[in-house]
Amino acid sequence: MALGCFPRLKIIHTSKRHMGQIYIPVINWFLMIMCMLVVAAFQSTTDISNAYGIAEVGVMMVSTTLVTVVMLLIWQTNLFLAILFPLIFGTIELIYMSAVLSKIFEGGWLPLVFASWFLCVMYIWNYGSVLKYQSEVKQKISMDFMHELGSSLGTVRVPGIGLLYNELVQGIPSIFAQFLLDLPAIHSVIVFVCIKYVPVPVVPQEERFLFRRVGPKDYHMFRCVARYGYKDVRKEDHHAFEQLLVDSLEKFLRKEALDVALEINLNQPDLDSISVRSRDESEIQDGDGDGMDELKIPLMRDQRMETSGASTSEASLTLPASVMPVDEDPSLEYELSALREATESGFTYLLGHGDVRAKKNSWFIKKLSINYFYAFMRKNCRGGAATMRVPHMNIIQVGMTYMV
């Protein structure tokens, strides 16, 4: 599931210390029902043991093959040892396999049927997911198009925060254009939310969100990557989620303004030295050398020394006097006030429902796999990560068809 090779199922992690300890209710029920059906159908321990033998030897052969690959690519073992390992163990396993292959028609067909069925499910799901993702990447909206629309995005901006869930970490998803076409207005603040799961038990709340600005400041659009650990409660209260997101976004805006102010301050000494050097040269050319020693002293040196002395005496980091404080930055205050106004107006969850269809000129097997099997699995598998405890009145869903 993490590699996109199986439909989404409910997974319960039973341990915070050991990541591999999981419980999948659907698979457990499936195993129970199939065990009962196999016992009722075979009614003989001989046929069941024949099926078990082929399954066990097949697992041994696959393990030997994968260990050989690991020895060559990961461990980088000596080539002679890497070849010797499958020769010894593979020969023994082939002998076992030749012995149990004669039992295929006496119950040994069962694990082969199961393996083939699961392989088809995994391949079709992976094939369809890859085609859908590639289509999203190709159709994502360019920034040139957004610049042509302007800060109003070609529609009316109304107070509020719109959270658009998608799987892209970079770029603007094509489903956003569908929202602009179908909705009479769009929210004043747009956040593209991408949920990612990391291999740690719990992600601290202060590290939950990673923000990045999308487009110019007056667009008020942001990219947000929400990170969750495998023991984090995903279905949290939507009010707590929204408040944490707003607080993190406000911190991002303040940090961005601070970085810009510091960058301007770092570039200021170069401008001062250039101006002083030009004045020195002009005095030399005029032949007046009385004030030359004074002009060699940077004009802002005393002010910077006083500022640096004051900053060292304080416990917190402060900006130099030549730079406007962050709290007094009018652009920052405007953005923060716009964010507070949008927060008071409420949140709307913009969900895109993508329907994947094969192109008309595709092969019959591709149409069968994508239009029927993959569509059936997408319709019946567990919902995406965007399903939260959100009132239905706060959700807007727009459909879009991906031709692959």
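Here are some notes:
- In Å², nearest 10: area of Ser152 left accessible to a 1.4 Å probe: 50 Å²
- What the Cα convex hull of region 22-74 gives, in volume per residue, is 92 Å³.
- Kirkwood-type radius of region 193-265, with distances r between different C-alpha atoms, in Å: 13.6 Å
- Directionally averaged projected area (convex hull, Cα atoms, region 150-248), nm²: 6.7 nm²
- A probe of 1.4 angstrom, applied to the heavy atoms of all protein chains, finds Val26 with accessible area near 80 square angstrom.
- Heavy-atom accessible area with a 1.4 Å probe sorts Leu66, Leu3, largest first, into Leu3, Leu66.
- When the Cα gyration tensor is reduced to axis lengths a ≥ b ≥ c, the ratio a/c is 1.5 or higher for region 126-192, and with a/b above b/c it is classed as prolate.
- Annotation: per residue accessible area for region 1-137 equals 70 Å², rounded to a whole number [probe 1.4 Å, protein chains only].
- Nonlocal amide H pairs with Leu351, under 5 Å, H built at 1.01 Å: Ile396, Gln397, Val398
- By accessible area with a 1.4 Å probe, ligands and nucleic acids excluded, highest first: order of Lys366, Lys138, Lys255, Lys132: Lys138, Lys255, Lys366, Lys132
- In terms of accessible area, using a 1.4 Å probe and ignoring ligands and nucleic acids, Thr45, Thr91, Thr68, Thr77 rank largest first as Thr45, Thr91, Thr77, Thr68.
- Remark: the Cα gyration tensor places region 47-115 in the prolate category, a/c being 1.5 or greater and a/b exceeding b/c.
- What the Cα convex hull of region 1-94 gives, in volume per residue, is 155 Å³.
- Overall Cα dimensions of region 86-162, principal axis frame, Å, largest first: 73, 29, 20
- Taking label points 7 Å from Cα along the Cα-to-Cβ direction, Leu119 and Asn265 give a separation of 6.5 nm.
- Here region 123-250 is treated with +1 on each Lys and Arg Cβ and -1 on each Asp and Glu Cβ, and its dipole about the Cα centre works out to around 360 debye.
- Heavy atoms of Leu339: accessible area, 1.4 Å probe, square angstrom to 10: 10 Å²
- Backbone phi angles across region 102-112, fed through the Karplus curve with coefficients 6.51, -1.76 and 1.60 (θ = phi - 60°), yield HN-Hα couplings of 5, 9, 4, 7, 10, x, x, 6, 4, x, 5 Hz in residue order; Gly and Pro are listed as x.
- Rounded to the nearest whole Hz, the Karplus-based 3J(HN,Hα) values (6.51 cos²θ - 1.76 cosθ + 1.60, θ = phi - 60°) of region 117-130 follow the sequence 5, 5, 5, 5, 4, 5, 5, 5, 5, 5, 4, x, 5, 5, with x at glycine and proline.
The values are calculated or read from the model by the stated rules, or taken from the named source; none is laboratory data. Keep in mind that what you see is a predicted model, and the values were worked out from it rather than measured. Neighbour counts are summed over all protein chains in view; Cβ atoms, including those assigned to glycine, are modelled from backbone coordinates with ideal geometry. When the accessible area is computed, the model is the full protein with side chains, heavy atoms only, and any ligands, DNA or RNA have been set aside. Shrake-Rupley method; radii C 1.70, N 1.55, O 1.52, S 1.80 Å.
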